Amino acid sequence: MLLIAEVSRLPFSQRAVLIPNAQAHIDHERLLAGLIRRLGKRHEDSPVLLHTHASSIILAGDHAYKLKRPVQLPFLDFSTLASRRHFLALELQLNRRTAEALYLDVLPITGSPDDPEINGAGEPIDWALRMRRFDPEGGFDVLARQGRLTRRHMEQLAAHVADFHLRLPPIPAAEVPAKNAWHWANESLNEIAAGANTPTLETNVGVEALRSVLEKAFGGLEHLRERRIAQAWVREAHGDLHLGNIVEWEGRVIAFDALEFDPALRRIDVINDVSFTFMDLCASACEPLAWRLMNDYIERTGDYEGLCLLYAYAASKALVRAKLSLLGRCNHAAFFKYWNLAWSFARPSRRARLILTMGMSGSGKSTVAGMLAERLGGIRIRSDVERKRLAGLAALDRPRDPAALYNIQANERTYARLAELAGVLLQANFPVILDAAFLRHHERESMRFMAEGLGIPFAVVECRAPVPVMLERILRRAEARADPSDATSRVLELQTAYMEPLPNAWRVFHHVVRTDVSLERLQEEMERCVVFD
């Protein structure tokens, strides 16, 4: 069976109703019945019919056929044959950017409503988008409910979404929609306030209280949002990137069902796009995986400053879900889950802190830094990645001349870049984990001065493992060619000679972690690490 799941997309009006057109409704139902009869003769299993508020989907054999219902709502108009063909073609075009293997073509339906044929001869009476069927058990919403989402899923999703975003051309400033995330959030608040099903809320956590907090948050980010338009981070993205629109299919992670009916909802900041996935993971009790996603995504794009918008955008997405939970079969439990989540994003409780890893190549620094980022809800910044980014290289590129990338001047540029990025995120109240060797004391000292100047906690987590273990990791990593590190056995030998110990006065900041243990044991050790206090 296939998952073709569209969230009931009513973000604009809880009072939206179909324009009365009884004959169009009857003809559509007759057409569906006719298609099911015809497809049923071709396939051993009976076709399955699914409905959303604006589409009908028939699952038959290896395919799914999606038809637009002849409806007109305040935010979409599928009432004419031409409009249905247009939006199906647009849906095909938009979704082939991320899910080309699933979205096949748009086919005419000919004949009559009682005796229709897909891709037959004659004048079209309607149109159908043909897709491949896929197993609903691979949907990320299902995997999240069943506790089967993994770090590997997040790595694949981050690569998929980041590569998609980076391929997109920027929206020119003159074409960026005037209605932005704050307008959508404010509209959601208005609809929640006016909704007949909205539960009673305490004044201090009610609609007006949240509106005030969010208005202040978005207002404080206005200059950054304008700068990001100029920096080309507003693009024609997916627009509806919740877990129900992501699937694991044939070993790949694929985003599908991009939002087609309103360009203003997909011509957005790329951080706004991925914030929906982040919010949905948090709402599904997968917060560590949400931070794994954001870390892997940002590492690929290099868009660290964009994270300053993450909480505000995630709050606006949570409000959409809170509002939708009050429609149809009202679900107050879901409403309060998303309402409380919106509040947590509007007033994030995370406390900025700066943590350095320390250790030789192969000592497990990146693994430990990743665990810290997940546990703290923070951001890991890797020196191996940023060193290459400064040189115009991708993370997995290998330098033709290693000496040009690994020298005193390159080291200074790299550590200066780490400090710059850390400063941006720390001032936005994120915990930051700098994943670098920090073998020389002056490198560590400069970071401590920054933390001291910002008045935030500071720690050094030293990763240790026996030399044979580190050497084995280095050799295995080089063979796999799947890690940014360029370290060799010779590099490890040199590091052993010039590593400078921490002074005794730093014991209060210093935490040692042995990494020559299983990942499960290491995770337990990190849970007890005092840097979480």
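The values are calculated or read from the model by the stated rules, or taken from the named source; none is laboratory data. What you are looking at is a predicted structure, and each value in this text was computed from that prediction instead of being measured. Here the Cβ is made from the backbone with ideal geometry for all residues, glycine too, and neighbour counts use every protein chain on show. Side chains included, ligands, DNA and RNA excluded: accessible areas come from the protein's heavy atoms. Shrake-Rupley method; radii C 1.70, N 1.55, O 1.52, S 1.80 Å.
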Practice item. Can you send over the solvent-accessible area of Val508, 1.4 Å probe, protein chains only, in Å² to the nearest 10? Key: 110 Å²
Practice item. Averaged over every viewing direction, what's the projected area of the C-alpha convex hull for the stretch 363-450? Give it in nm², one decimal, please. Key: 6.1 nm²
Practice item. Output the peptides 391-402, 265-276 sorted from most to least packed, where packing is the average of other Cβ atoms within 10 Å over each peptide's residues. Key: 265-276, 391-402
Check your understanding: Once the Cα gyration tensor of the stretch 266-347 is diagonalised, what are the square roots of 5 times its eigenvalues, in whole Å and ordered largest first, as equivalent ellipsoid semi-axes?
Key -> 24, 13, 10
Exercise for review: Using Cα pairs closer than 8 Å and at least 6 residues apart in sequence, work out the relative contact order for the stretch 89-155, in percent.
Suggested key: 25 percent
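Based on the Cα coordinates of the stretch 475-533, what is the per residue volume of their convex hull in Å³?
Values: hull volume 7.8 nm³, N = 59.
Cα-based convex hull of the stretch 475-533, divided per residue, equals 132 Å³.
Which FRET efficiency value, to the nearest 0.05, is calculated for His511 and Asn186 with the Förster distance at 41 angstrom and r the Cβ-Cβ distance? Could you put the intermediate results ahead of the total?
Working: r = 45 Å, r/R0 = 1.09.
That pair, His511 with Asn186, gives E of 0.40.
Relative contact order of the stretch 228-302: what whole-number percent is it, with Cα pairs under 8 angstrom and at least 6 residues apart? Could you put the intermediate results ahead of the total?
Working: 78 pairs, mean separation 23.2, N = 75.
Normalised by residue count, the contact order of the stretch 228-302 is 31 percent.
State the percentage of accessible surface on the stretch 291-423 attributable to carbon and sulfur atoms; use a 1.4 Å probe and exclude ligands, DNA and RNA. Walk me through the intermediate numbers first.
Values: 2380 of 4770 Å².
Taking all protein chains in place, the stretch 291-423 shows 50 percent carbon and sulfur surface.
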Revision key, fill the gap. For the chain, the dipole about the Cα centre with charges only on Cβ (Lys and Arg +1, Asp and Glu -1), to the nearest 20 debye, works out at 520 debye
Point to revise | Sites matching GluC sites (Glu not before Pro) across the stretch 58-146 that sit in DSSP coil, with at most 12 neighbouring C-beta atoms within 10 Å | key: Glu100
**Study point:** Between the stretch 204-259 and the stretch 54-80, the alpha-carbon center distance in angstrom
**Key:** 26 Å
Exercise for review: Two decimals is fine: what is log10 I(q)/I(0) at q = 0.08, 0.11 Å⁻¹ for the chain, from a Debye sum with one equal scatterer on every Cα and no solvent?
Suggested key: -0.59, -1.01
Exercise for review: Would you compute, from DSSP H runs of 4+ residues alone, the mean residue ellipticity of the chain at 222 nm, taking -39500 (n - 2.57) per run and dividing by the full residue count, rounded to the nearest 500?
Suggested key: -14500 deg cm²/dmol
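Enumerate by residue number the trypsin sites (Lys or Arg not before Pro) in the stretch 308-338 meeting two conditions: DSSP loop (anything except H, G, I, E, B), and at most 13 other Cβ atoms within 10 Å of the site's Cβ.
Numbers: sites: Lys317, Arg321, Lys323, Arg329, Lys337; in loops: Arg329.
Passing both the DSSP loop test and the Cβ count: Arg329.
Could I get the Rg over Rh figure for the stretch 14-133? Both from C-alpha atoms, Rh via Kirkwood, rounded to two places. Numbers along the way, then the final one.
Values: Rg = 14.0 Å, Rh = 14.7 Å.
Taking Rg over the Kirkwood Rh, I get 0.95.
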Review point. Using Cα pairs under 8 angstrom and six or more residues apart, how large is the relative contact order of the chain, in percent?
Key: 12 percent
Review point. Bin by bin, in steps of 10 Å, what percent of the Cα pairs in the stretch 112-186 do you find, going until the bin that has the longest distance?
Key: 12, 19, 23, 29, 16, 0
Review point. Roughly what % of Cα-Cα distances in the stretch 299-392 sit above 17 Å, to the whole percent?
Key: 65 percent
Practice item. Obtain the radius of gyration and the Kirkwood radius of the stretch 450-510 from its C-alpha atoms and give Rg over Rh. Key: 1.10
Review point. Taking the alpha-carbon centroid of each part, what is the distance from the stretch 477-533 to the stretch 367-400 in angstrom?
Key: 15 Å
Point to revise | In Å², nearest 10: area of Val320 left accessible to a 1.4 Å probe | key: 40 Å²
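Could you tell me what % of all Cα pairs in the stretch 92-145 have separations over 12 Å? Present the calculation step by step, with values, prior to reporting the outcome.
Numbers: 1011 of 1431 pairs.
Percentage above 12 Å: 71.
Compute the normalised compactness of the stretch 109-238: alpha-carbon radius of gyration over 2.2 N^0.38 Å, N being the residue count.
After normalising by residue count via 2.2 N^0.38 Å, the value is 1.61.
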Point to revise | Per-residue SASA entry for Thr80, accessible area with 1.4 Å probe, Å² rounded to 10 | key: 70 Å²
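Using the Cα centre as the reference, give the magnitude of the dipole from point charges on the C-beta atoms of the stretch 203-356 (Lys, Arg: +1; Asp, Glu: -1; all else neutral), rounded to the nearest 20 debye.
Details: 20 positive and 19 negative charges, 123 e Å.
Taking the Cα centre of the stretch 203-356 as origin, the dipole is about 580 debye.
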**Study point:** Å² per residue, accessible surface of the chain at 1.4 Å
**Key:** 44 Å²
